[in-house]
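The values are calculated or read from the model by the stated rules, or taken from the named source; none is laboratory data. What you are looking at is a predicted structure, and each value in this text was computed from that prediction instead of being measured. All Cβ positions, glycine included, derive from the backbone under ideal geometry; neighbour counts span all protein chains shown. What goes into the accessible areas is simple: the full protein's heavy atoms, side chains included, and nothing from ligands, DNA or RNA. Shrake-Rupley method; radii C 1.70, N 1.55, O 1.52, S 1.80 Å.
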There are 2 protein chains.
Amino acid sequence: MALYVMKFGGSSVGDTERMQRVARRVVEKQDEGHQVMVVVSAMGDTTDELIDQAKLLNNDPPVREMDMLMTTGEQISIALLSIAIHQLGRKAMSFTGWQAGFRTEPVHGKARITDIRPERVQRALEDGNIVIVAGFQGLTEEGEITTFGRGGSDTTAVALAAATSADFCEIYTDVDGIYSTDPRIVKNARKLEEISYDEMLELANLGAAVLHPRAVEYAKHHQVRLVVRSSFNHNEGTVVKEEVNMEQGVVVSGIAYDKNVARISILGVSHVPGVLAKVFGSLAAAKIDVDIIVQSGVTDGKADFSFTVALSDREKALNVLDGIRGELPFQEVTSEENLMKVSIVGAGMVSHPGVAAQMFDVISKEGVNIKMVSTSEIKVSCVIDGSKLNEVVKALHTAYGLDTESQAVVGGPQDRR
Amino acid sequence: MALYVMKFGGSSVGDTERMQRVARRVVEKQDEGHQVMVVVSAMGDTTDELIDQAKLLNNDPPVREMDMLMTTGEQISIALLSIAIHQLGRKAMSFTGWQAGFRTEPVHGKARITDIRPERVQRALEDGNIVIVAGFQGLTEEGEITTFGRGGSDTTAVALAAATSADFCEIYTDVDGIYSTDPRIVKNARKLEEISYDEMLELANLGAAVLHPRAVEYAKHHQVRLVVRSSFNHNEGTVVKEEVNMEQGVVVSGIAYDKNVARISILGVSHVPGVLAKVFGSLAAAKIDVDIIVQSGVTDGKADFSFTVALSDREKALNVLDGIRGELPFQEVTSEENLMKVSIVGAGMVSHPGVAAQMFDVISKEGVNIKMVSTSEIKVSCVIDGSKLNEVVKALHTAYGLDTESQAVVGGPQDRR
């Protein structure tokens, strides 16, 4: 007998029929002799519908009240799933985040878990119940309802698995697992049998939107064995764990890309260090995440530097720079869209020095200029012109030996929360 | 400065526009210099929609999970109302039932309040917030979410008023107040300026569905001053309080009727006391409420007796009787539909002995037979043939001097929860 956490996203419980399918899937697991805890997200578009309702009343709704509103989505899901499981003749109990013992810091919309007190769900498990926990939500010490932000249900699942020493945390989604790249672009993308936390983290951060980065971090920190698999079939998924089998000599495990990228350049900067501090301090104060930062060589005591932000933050970032312009010694600000960031990720990279050079070579052979480069121990990212996205990803996929004979089978848009 | 509880039912917050109207109404009250707590029900048909969703998954859904499901309706309402009030530039905080300190007995679907710990809402009030509390819900000592059953939001409002020593508990609905009878039947029904708790209780129990009986009982017990008024206009409503002004010499305050009545007769009963105990014990065990019980005279040691149940319980009651038939000495069970119960209610009745006789006279002049009679100190009820409902109610309304010159103005179907 093992203890499982099974997490189902919003599209997996999007209607009555899907809810029933999840119920059967959960009961199957119990039939195999295991104890089961289930974490669910809000059904289908519920969260977006609630946000729309709020925006009709207030275009800047207070975050505390938004948390109060949004957490109902998961509460509806857990109750209905429990009701569906009872119909199959099993004992089930649903718990809101706070009932399941999730305590968070006093922040709305993006709270971090501070503590989990799982005694109540453990008691319910011991009583033979299938336990169903609302994802994405917790409670502060003051009794305020909080949410974890997008991807929060993954975090709930991982944290619950960690707190109860579960043997497996299965993340059910609408794809079969983690792929070597987006199968919508590369038809013969490879489903990975296993992947390390660090690799997954890079992929998750790079927009391979199957698992939320925070959940992966949490899993790594608590050594929770994650399995990403499909809620629509019984294929084996991808196992995410600490050490993966390197025997195959795989250097690059996956290719990720991100189209939500804009580049902003600040030209003719003197007194570089002071300017950098001021610029990035101001952007941080405006809650704009900056990704890659590149500084060019200095000429006549003046330097240029560039950085990337999410495309959706471009306008806001330019406004921030406009606001501090008077105080700072730089000549010009330019910005660029229609870019993409493409990245190769692989734990094996550390011991293979030629990997980055090979990447630049493949990209340039496609006739595409590399505008920015960023590297970590297990990743190389290039910002390039976005018009040849598919060609570049395909060429890299082939170059690193990731192509498989059979074509990947995937579902619709992936399940993020 | 006074402390108000304002309660708005589901139809008052049924859509965005109505939600905004309630927000303005609440802010107006604060502008008059008062502290305001608001209790809201689930929006419009939300509760019924949630029940429908549950029934698609399970035709006998467990009550614990139904409470988990249903309480989301009110949670959505409080969050959206708070968001709407913030849009008007005011501070507001919403609280679920458990956050507002409502503790209940450990029963699902129909829990009674055991305790209210309003410190948190009082703190929010002192901080200048408009406080918004989810109706209809509480928490057991074990942390289980419970609901109060239909009409539960009225009870929340009254209980909150009692616990915080509020000066007024205003129940906003879609009629102008309590009427001398149903204005849909009697066009010149009279809106009552005031009514006693006891009278209201009789009217509430008799199907004048503006206030839930449990809420009235609670108000009487804690001497909470209730005001029933319209959420669609600023007309003065009806005040419900302990002692009402008797100067006008009003004997009968209102006429109520109930069409949800069936009569069941058990004929040829010997050993009457034993049979009664067995019959009503079995009905109670099946959770069937019995209203009026009448026993006819005894002939040859055998008696007949009749009782009324809700029409919707008729089949169930007959099945219960069928089940115990073998054990009991009675000859026959018959049942009758198409009945109505009509009642006159008035605190002044106590000192006016001819009131009941006048009622029988009025009914018989309409050519209608009286099948059963039941009385209390402030009420006389008759079960009669249902076909002449309108005529009988009108005739009684006129006979007791309740007709007014002007016609009553009322809205749509009344707001029950």
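When A:SER180 is tested against (1) modelled with pLDDT of 95 or more; (2) of a type in the set (S, T, N, Q); (3) buried (at least 22 other Cβ atoms within 10 Å of the Cβ), only condition (1) is not met. On inspection, B:THR47 passes the criterion of being part of a helix (DSSP H, G or I), under 30 Å from A:VAL131 (Cα atoms) and at pLDDT below 95.
Every residue, every condition in (1) open to solvent by less than 20 Å² (accessible area, probe 1.4 Å); (2) at pLDDT 90 or above; (3) part of a loop (DSSP other than H, G, I, E, B), yes or no:
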| position | (1), (2), (3) |
| --- | --- |
| A:MET340 | yes, yes, no |
| A:GLY348 | yes, no, no |
| A:CYS382 | yes, yes, no |
| A:GLU391 | no, yes, no |
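If you go through region B:60-75 and keep only what is over 24 Å from the mean Cα position of the chain (by Cα) and facing another protein chain (nearest Cβ under 8 Å), you end up with B:PRO61, B:PRO62, B:GLU65. The criterion of at least 3 residues that are within 21 Å of B:GLY73 (Cβ to Cβ) is met by the following helices (runs of 4 or more DSSP H) wholly inside region A:59-166: A:63-87.
Residue check: B:GLY274 meets all listed conditions (1) in contact with a strand residue (DSSP E or B) (Cβ under 9 Å, 6 or more places away or on another chain); (2) more than 30 Å from B:GLU242 (Cα to Cα) but one, namely (1).
When residues in region B:87-104 are screened for being over 12 Å from B:ILE132 (Cα atoms) and free of Cβ contacts under 8 Å to residues at least 40 places away in the same chain, 2 of them pass. Tallying residues that are hydroxyl-bearing (Ser, Thr, Tyr) and either open to solvent by 60 Å² or more (accessible area, probe 1.4 Å) or facing chain A (nearest Cβ under 9 Å) (or both) within region B:76-85 yields 1. Among the residues making up region A:293-312, those that are over 14 Å from A:GLU336 (Cα atoms) and outside any loop (DSSP other than H, G, I, E, B) are A:ILE293, A:VAL294, A:GLN295, A:THR299, A:LYS302, A:ALA303, A:ASP304.
The residues of region B:350-375 that are surrounded by 13 or more Cβ atoms within 10 Å (Cβ to Cβ) and closer than 19 Å to B:LEU203 by Cα, listed by number, are B:VAL355, B:ALA356, B:MET359, B:MET372, B:VAL373, B:SER374, B:THR375. Exactly one residue out of B:LEU139, B:LEU160 is within 14 Å of another protein chain (Cβ to nearest Cβ), farther than 30 Å from B:ALA399 by Cα and open to solvent by less than 20 Å² (accessible area, probe 1.4 Å), and it is B:LEU139. The set of residues in region B:14-27 that are farther than 12 Å from B:VAL38 by Cα and open to solvent by less than 10 Å² (accessible area, probe 1.4 Å) contains only B:MET19. Just to be sure before I move on: is B:ALA189 open to solvent by less than 10 Å² (accessible area, probe 1.4 Å), within 27 Å of B:PRO106 (Cα to Cα) and either not in a loop (DSSP other than H, G, I, E, B) or not assigned by TED's automatic domain parsing to the domain that holds B:SER376 (or both) in the structure I sent? So B:ALA189 fails the test.
Candidates are the residues of region A:86-115 that are β-branched (Val, Ile, Thr) and more than 9 Å from every other protein chain (Cβ to nearest Cβ); the one that is farthest from A:ARG24 (Cα to Cα) is A:VAL107.
Within region A:36-56, being surrounded by fewer than 20 Cβ atoms within 10 Å (Cβ to Cβ) and within 12 Å of chain B (Cβ to nearest Cβ) holds for A:THR46, A:GLU49, A:ILE51, A:ASP52, A:GLN53, A:LYS55, A:LEU56. Here B:GLY33 fulfils each of the conditions (1) in a loop (DSSP other than H, G, I, E, B); (2) in contact with a helix residue (DSSP H, G or I) (Cβ under 7 Å, 6 or more places away or on another chain); (3) at pLDDT 95 or above; (4) more than 9 Å from chain A (Cβ to nearest Cβ) apart from (2). Going by the conditions given, is B:THR146 touching a Ser or Thr at 6+ places or on another chain (Cβ under 6 Å), of a type outside the set (A, V, I, L, M, F, W, C) and surrounded by 22 or more Cβ atoms within 10 Å (Cβ to Cβ)? Against the criterion (touching a Ser or Thr at 6+ places or on another chain (Cβ under 6 Å), of a type outside the set (A, V, I, L, M, F, W, C) and surrounded by 22 or more Cβ atoms within 10 Å (Cβ to Cβ)), B:THR146 qualifies.
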